[in-house]
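Notes follow once the structure below has been shown.
The values are calculated or read from the model by the stated rules, or taken from the named source; none is laboratory data. From a predicted model like this one, the values you see are computed outputs, not experimental measurements. Here the Cβ is made from the backbone with ideal geometry for all residues, glycine too, and neighbour counts use every protein chain on show.
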Amino acid sequence: MPDSSPPIYLDNAATSFPKPPEVAEAMHRLIREISLSPGRSAHRFSLAASRVIFEARELIADFFGCPDSSRVVFTSNVTEALNVGIFGLLAPGDQVLTTGMEHNSVMRPLRHLEKTRGIRLDILPTGPAGAIDPDDIPGRLSKKTRLIIINHVSNVTGTVADLEAIGKQKGGALLMVDAAQSAGIFPLDMEKMSIDFLAFTGHKGLFGPTGTGGFLLREDLMVPPLKMGGTGSNSEQEEQPHLIPDCYESGTPNTLGIGGLAAGLEFIKKTGRETIRLREENLTRLLLDGLSRIEGITVYGPPAGGARSSVVSLTMDGRSVADLAFALDRQHGIMARSGLHCAPAAHRSISTFPHGTLRLSPGFFNTEADILATLAALERIAAGS
């Protein structure tokens, strides 16, 4: 049984925890004070809810280097955002260039369209740490290359893609970026990095609640909506409006969640993204250094100090990753995630398929004491005690 000390949460790559107090306070205030139904009425509560959405849209546009906040679209998560882009942009015969490190939020829609629309997938090779070489891109482009889809930061190895270099090599193709693991931690600038479609989630590095996310569109890019219905605008029409962002946001939005997401962004601005990143780097360096001293452990991904996030994947000789995660949780009070992390392609790329890895992902609110306790627990498990 674990001791009586507080549990240690090292699953921030799934969902960041805890959230900044400001997030809970903002959501509590909103649900107490307004009806949370924006754009559906002209009364003061509806107008207040509309302001919540607008201010969040402005924050996100500024955060990701998008000059027009109307090009910011809210969805329920990054998976929905990626589906909007993938299903909306690809037609029969199109070629898609992607990598062997993608999440199933990308690979499953692509495999579906490969069967149903006849799109062609071209998978860029990766090195042992899961990185692609941007110089491999030009030789794979053709007149039919419609889309390049890149996972900015791998949720398996923590590998960081060089988006600026990739953007310079994209030719006439559109660049779609899955920023699920990087938003809020690594710099992202749509204009500087030549990103056409950026998909993000709110509940990881942006410190928002679950059920929040979205995408940003380049100024002259249009994508058909994935769903249609009431938008609170052009209600006299029975056809979906073309006005952005309304055409993508059918149904009453998650005002409460979006308000919490805005509070998370404000926390990042106040704290400083570089401060957050430096803290996670230091914790990751401490973790990787300690893991290198434990016999029988293999770590996957870039070394400390390289282009990597705080996601650390490992295996231990003689122990299944599921048993390892179970022992950490039940015997030591340490929460991690084991398995394939919804990214079988990534595990094939690093030769850990089908069993996967144990993933430790420290976050901003973890401490050095958390990391040292985790290392001590793994040493005990490796020693058989």
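Tabulated values for the structure
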| quantity | calculated |
| --- | --- |
| Residue satisfying condition, being out of contact with any strand residue (DSSP E or B) (no Cβ under 7 Å at 6 or more places or on another chain), among the acidic types (Asp, Glu), within 30 Å of Ile34 (Cα to Cα) and part of a helix (DSSP H, G or I), within set Glu274, Glu266 | Glu266 |
| Residues that are in contact with a Pro (Cβ under 6 Å, 6 or more places away or on another chain) and aliphatic (A, V, I, L, M), drawn from segment 141-181 | Ala165, Ile166 |
| Residues (within 18 Å of Glu102 (Cα to Cα) and in a strand (DSSP E or B)) located in segment 298-336 | Tyr300, Arg308, Val312, Ser313 |
| Scan of segment 314-327 for residues that are exposed (fewer than 15 other Cβ atoms within 10 Å of the Cβ) and more than 14 Å from Gly296 (Cβ to Cβ), ordered by number | Ala322, Phe326 |
| Residue count for segment 135-192, restricted to those that are closer than 30 Å to Ser361 by Cα and in contact with a Phe, Trp or Tyr (Cβ under 8 Å, 6 or more places away or on another chain) | 15 |
| Options Gly264, Gly260, Gly211, Gly272; residue that is over 21 Å from Met335 (Cα atoms) and surrounded by fewer than 16 Cβ atoms within 10 Å (Cβ to Cβ) | Gly272 |
| Filter result (charged (D, E, K, R) and surrounded by fewer than 16 Cβ atoms within 10 Å (Cβ to Cβ)) within segment 83-119 | Arg111, Glu114, Lys115, Arg117 |
| From Arg380, Arg330, Arg337, residue being surrounded by 15 or more Cβ atoms within 10 Å (Cβ to Cβ), modelled with pLDDT of 95 or more and among the basic types (Lys, Arg) | Arg337 |
| Failed item, numbered, when Val52 is tested on (1) in contact with a Ser or Thr (Cβ under 6 Å, 6 or more places away or on another chain); (2) outside the structural domain of Phe207 (by TED's automatic domain parsing); (3) of a type in the set (Val, Ile, Thr) | (2) |
| Residue tally, condition crowded, with 22+ Cβ neighbours inside 10 Å, among the polar types (S, T, N, Q) and out of contact with any helix residue (DSSP H, G or I) (no Cβ under 8 Å at 6 or more places or on another chain), over segment 282-313 | 2 |
| Residue match in segment 146-155 (condition: modelled with pLDDT of 95 or more and surrounded by fewer than 22 Cβ atoms within 10 Å (Cβ to Cβ)) | yes |
| Ala173 touching a Ser or Thr at 6+ places or on another chain (Cβ under 7 Å), assigned by TED's automatic domain parsing to the domain that holds Leu89 and either under 23 Å from Glu219 (Cβ atoms) or of a type in the set (Asp, Glu) (or both) | yes |
| Selection count where residues are in a loop (DSSP other than H, G, I, E, B) and closer than 19 Å to Glu280 by Cβ, scope segment 163-204 | 13 |
